[in-house]
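Working notes for the structure below.
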Amino acid sequence: MRSQSGGSEVAGPPSFETAKNLRQKARSAGMHPDHWYAVEYARVVPVGRVVEVKFWDCSIALFRGDDGRLRALEDRCAHRHVRLSIGHVAGCALTCIYHGWSYDEQGRLVEVPHELFGRQFGDVKIRTYPVRERYGLIWLFPGRPGRADQTPLPEIPEIEGPSSWACVPIDFIWRAHHSMIVDNVSDFTHAYLHKRYRPFVDAKLTRCEMRANKVELSYDVVVGDGRFSKLFVDRKRVRTDRMDLAFEYPYQWSNTGDKIKHWCFLLPIDERTTRVFFLFYFDALKIPFAPLRIPRWVMEPFLAVANRLLIKPLLSEDGIAVEAEQQAYDKFSGGPAIEFNPAVQMFQKLIVRRWEEHLAQSARGHQNETEGVA
């Protein structure tokens, strides 16, 4: 089979190891596991329930014990490797559906209900993961457990405390690599895609720089110019002609006038699937055709309705676009890519660098284990 560029067509896009350019590396890189990742809503995992979540094709069983605390275990019984996430919670342990083997929060096998044929089950243990709750989300640390306490979660003080801003998270599962989504949510050259809703128009990039593990951007842009959205934007209290954004690896956020903000949390399920959690929160929305602000006690139900009627349809357009880009990349990964926005190359460089750092750390750890065994 021949590619459009005249060379031989490979069976799918190249791996990270065989990638020949920045785009190919970015589109095959994973995300560094030494960070906290939003994996589920807290309300989805009540006491006594277990669910499966995935990070980069690694399955994890997440459950809440009778004491109300969350636990996360490798989603694999040590016996026949059946997924524990199809088992059940027994007190504060997780029990395999097949033979009833139970594991505590340290991943230790604590009960085998059947005959042992004169043997002891000994020190059987599976992997555990640090887990936390914040902002109505469950956060998992899939990397080196010893680094979890040293690694902060994103700080969003506006949505905590007695005078917190209203926030109703919304999420999507998009069949696209996470790097495509990072490009999408921060590169405002795709305003044409949203010509119906006009969340941003006439964007001009005024700042773009990389600092350590962060890419910072600023746009001169008209924010909230849609047919309905502009009725709620209080332009007398909020400066809506400028937006600051950052890809603060592995998270993305924006700030408009210190009154309209959002965070985007990516969960890389596998090389072509990403779950995306969006948290939009506002301090300055007004009642249409009136100079009055929407009261705080009304904001949360208002945002729930806005998510359903405006934000979800708007972001679904992004989903259509990134999934189409993934499909195109799967076919034409070797073809030339033309990119004008310098920020996109910065995003990709950061994603590649962090993945290379993880691979180097993993290689060093494997070498140390091998030398220890030797």
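How would you classify the range 149-280 from its alpha-carbon gyration tensor, with a ≥ b ≥ c the square roots of the eigenvalues: rounded for a/c under 1.5, else prolate if a/b is greater than b/c, otherwise oblate?
Verdict is rounded for the range 149-280.
In what sequence, largest accessible area first, do Trp165, Trp56, Trp36 appear using a 1.4 Å probe?
The most accessible residue leads, giving Trp56, Trp165, Trp36.
Among His88, His177, His79, what's the order by accessible area (1.4 angstrom probe), most exposed first?
Descending order: His88, His79, His177.
For an R0 of 22 angstrom, estimate the FRET efficiency from the Cβ-Cβ distance between Arg119 and Arg80 and round to the nearest 0.05.
Plugging the Cβ-Cβ distance into 1/(1 + (r/R0)^6) gives 0.85.
Could you tell me the accessible area of Val82 in Å² (1.4 Å probe, neighbours in place), rounded to the nearest ten?
It works out to around 30 Å².
Using +1 at the Cβ of each Lys and Arg and -1 at the Cβ of each Asp and Glu in the chain, identify which of Thr273, Phe340, Val182 lies farthest towards the dipole's positive end.
The residue sitting farthest along the positive end of the dipole is Phe340.
Return the single residue from Gln24, Gln361, Gln348 with maximal mean-square fluctuation; model: Gaussian network over the chain, springs between Cα atoms under 10 Å.
For the chain, modelled as a Gaussian network with Cα springs under 10 Å, the answer is Gln361.
If you wrap the range 42-190's Cα atoms in a convex hull and average its projection over all directions, what's the area in nm²?
Result: a mean projected hull area of 11.8 nm².
Spin-label point model (7 Å from Cα, Cβ direction): what's the Arg49 to Lys349 distance in nm?
Taking the two extended label points, one gets 4.4 nm.
Rounded to the nearest percent, how much of the accessible area of the range 12-67 (1.4 Å probe, protein heavy atoms only) is carbon and sulfur?
Answer for the range 12-67 is 49 percent, counting heavy atoms of protein chains only.
What distance in nm separates the two pseudo spin-label positions at Arg207 and Trp56, each 7 Å out from Cα along the beta-carbon direction?
3.1
Once label points are set 7 Å from the Cα along Cα→Cβ at both Asp220 and Ala328, what is their separation, rounded to one decimal in nm?
About 2.9 nm separates the two model spin labels.
For Cys264, what accessible surface area do you get with a 1.4 Å probe? Give it in Å², rounded to 10.
0
Express in whole angstrom the spacing between the alpha-carbon centres of the range 75-91 and the range 14-56.
21
Per-residue ellipticity at 222 nm for the chain, helices alone: DSSP H runs ≥ 4 residues times -39500 (n - 2.57), over residue total, nearest 500 deg cm²/dmol?
Using -39500 (n - 2.57) per qualifying helix, the result is -7000 deg cm²/dmol.
Taking only Cα atoms and a 10 Å spring cutoff, compute GNM fluctuations for the chain and point out the largest among Gly107, Gly257, Gly335.
Maximum among the listed residues: Gly335.
Report which label in (1) 21; (2) 10; (3) 34 holds the value of percent of Cα pairs over 41 Å apart derived from the coordinates of this structure.
Given (1) 21; (2) 10; (3) 34, the calculated one carries the label (1).
Find which of Asn21, Pro313, Trp56 sits farthest along the positive direction of the dipole of the chain, computed with +1 on the beta-carbon of Lys and Arg, -1 on that of Asp and Glu, about the Cα centre.
It is Pro313, whose Cα lies furthest towards the positive end.
At 1.4 Å probe size, what's the solvent-accessible area of Ser102? Round to the nearest 10 Å².
Roll a 1.4 Å probe over it and Ser102 shows about 10 Å².
Given a Förster distance of 41 angstrom, what is the FRET efficiency for Lys230 paired with Ala90, based on the Cβ-Cβ distance and rounded to 0.05?
After rounding, the FRET efficiency stands at 0.15.
If you stretched the chain out fully between Asn21 and Glu357, how much longer would it get, using 0.36 nm times the residue separation minus the C-alpha to C-alpha distance?
Stretched out fully, the Asn21 to Glu357 stretch lengthens by 119.2 nm.
From the residues Tyr192, Phe172, Gly226, which one has its Cα farthest along the dipole of the range 168-232 in the positive direction, the dipole being from +1 and -1 charges on Cβ of Lys/Arg and Asp/Glu about the Cα centre?
So the residue furthest toward the plus end is Gly226.
How would Lys54, Lys230, Lys25 rank on accessible area, largest to smallest, probe 1.4 Å?
Reading off the accessible areas and sorting them downward yields Lys230, Lys54, Lys25.
The values are calculated or read from the model by the stated rules, or taken from the named source; none is laboratory data. As the structure is a computational prediction, the values presented were derived from the model and not from experiment. Neighbour counts run over all protein chains shown; Cβ positions are idealised from the backbone, glycine included. To get the accessible areas, we keep the full protein, side chains included, count just its heavy atoms, and leave off ligands, DNA and RNA. Shrake-Rupley method; radii C 1.70, N 1.55, O 1.52, S 1.80 Å.
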